[in-house]
Amino acid sequence: MRAFALRRLAAVAVLFAAVGLSVVGGSDAVATTGLPSPAAAAGVAAISAGVDYTCAVTTGGGAKCWGSNVSGQLGNGTTTSYSATPVDVSGLTSGVAAISAGTVHTCAVTIGGVAKCWGDNDHGELGNGTTMSSKTPVDVVGLVPETLTVSNVGTGSGTVTSSPAGIDCGATCSHQFAYGASVTLTATPGSGSTFTGWGGGCTGTGTCAVTTNSATSVTATFTLKPRPKACVVPKVKGKRLSAAKRAIKAHNCSVGKIKHSFSSKVKKGRVISQKPKPGKRLKHGAKVNLVVSKGRR
């Protein structure tokens, strides 16, 4: 059987060479490149000849096969013995980048980088973790990109970025990474917010490390910082300077300019006057200026 297949493929190679096509592939299949302009004009982007059947990718990205179909290698959902004309491969009428026909199974790669195979699977050649044949394309396990989804939640704001690049989100963002990729997420809080932790596929408040072995969802919680308390100016007139300073800070204000002046009424080291007046409500940290007695002249 193998000798027959080799003779058959050699004959195909000679035929392709005669029309100006190059032949690539192993002993069980051939694929052509360098299609002449008539083929391109007819809508063919690539072609691969297997044993007793052939598959092609159209210029529109669709996969079509024809010929023997005893193991479902045409991928159209049937095992009808053969088809003398091209049939659409189920689920691959667009988005196909490359195709390869084997002995009794076929594989294709989509423009999204997903590997799909169909047909005979006695030896696991479809790569889907089983030995059951398939009349339609199945994903090759471990070669399918997985989706990582990040959601920002909480009362605050912030962004989450990824390394490698792909996610840069201020709301919700998803990106497909290669199967088994190691992705590091970093959360950066916005102005007036703090990052309070990960949820879903990560925990803690540091960077988040995810391995994309399956679809994964991660949440990042950002919380608004509490608004600072207002400064309510205390009455410090007559107090010692040290006591006045403590009172000012305790009321969420700050000590401003301190001047010293002689006074016949206020003892040395005590506050003669203050500005602003007591009871004034100001923004957090507002300054209270003081005049402190130097005593009598």
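Rule-based calculations on the coordinates, nothing more; no lab input. Just so it is clear, the model here is predicted, and its values are computed rather than measured. Virtual Cβ from ideal backbone geometry, glycine too; neighbours counted across all protein chains shown.
Odds and ends about this structure:
- Taking the C-alpha atoms only, the angle from helix 241-250 to the longest principal axis of the chain is near 30 degrees.
- FRET efficiency estimate (nearest 0.05) - Cβ-Cβ, Ser273 to Ser191, R0 45 angstrom: 0.70
- Among Arg297, Arg270, Arg281, Arg246, a tally of other beta-carbon atoms within 10 Å of each Cβ gives an order, fewest to most, of Arg297, Arg281, Arg246, Arg270.
- Residue-span extension gain [Val232 to Lys294] - 0.36 nm each, minus C-alpha spacing: 19.6 nm
- Thr93 versus Asn213: modelled label distance in nm, points set 7 Å from Cα along the beta carbon direction: 3.8 nm
- Gained length - Ser264 relative to Leu224, 0.36 nm times residue gap less alpha-carbon distance: 9.2 nm
- In degrees, nearest ten, helix 2-18 long axis to first principal axis of the chain (Cα): 80 degrees
- Cα-projected label distance for Asp52 with Ser81, points at 7 Å along beta-carbon direction, nm: 1.0 nm
- Of all the options Ala45, Ala244, Ala63, the one that moves most in a Gaussian network model of the chain with Cα springs shorter than 10 angstrom is Ala244.
- Options (i) 1.99; (ii) 2.13; (iii) 1.18 - which one matches Cα Rg over 2.2 N^0.38 Å as calculated here: (i)
- Ranked by how many other Cβ atoms sit within 10 Å of their own Cβ, fewest first, the residues His175, His260 fall in the order His260, His175.
- Ranked Cys55, Cys169, Cys107, criterion: other C-beta atoms within 10 Å, fewest first: Cys169, Cys107, Cys55
- Given +1 at the Cβ of Lys and Arg, -1 at the Cβ of Asp and Glu and no other charges, the dipole of segment 175-297 around its Cα centre is 2440 debye to the nearest 20.
- Centre separation in Å (Cα based) which lies between segment 137-208 and segment 64-109: 38 Å
- Computed lengthening from Thr205 to Arg281, 0.36 nm per intervening residue step minus Cα-Cα distance: 23.7 nm
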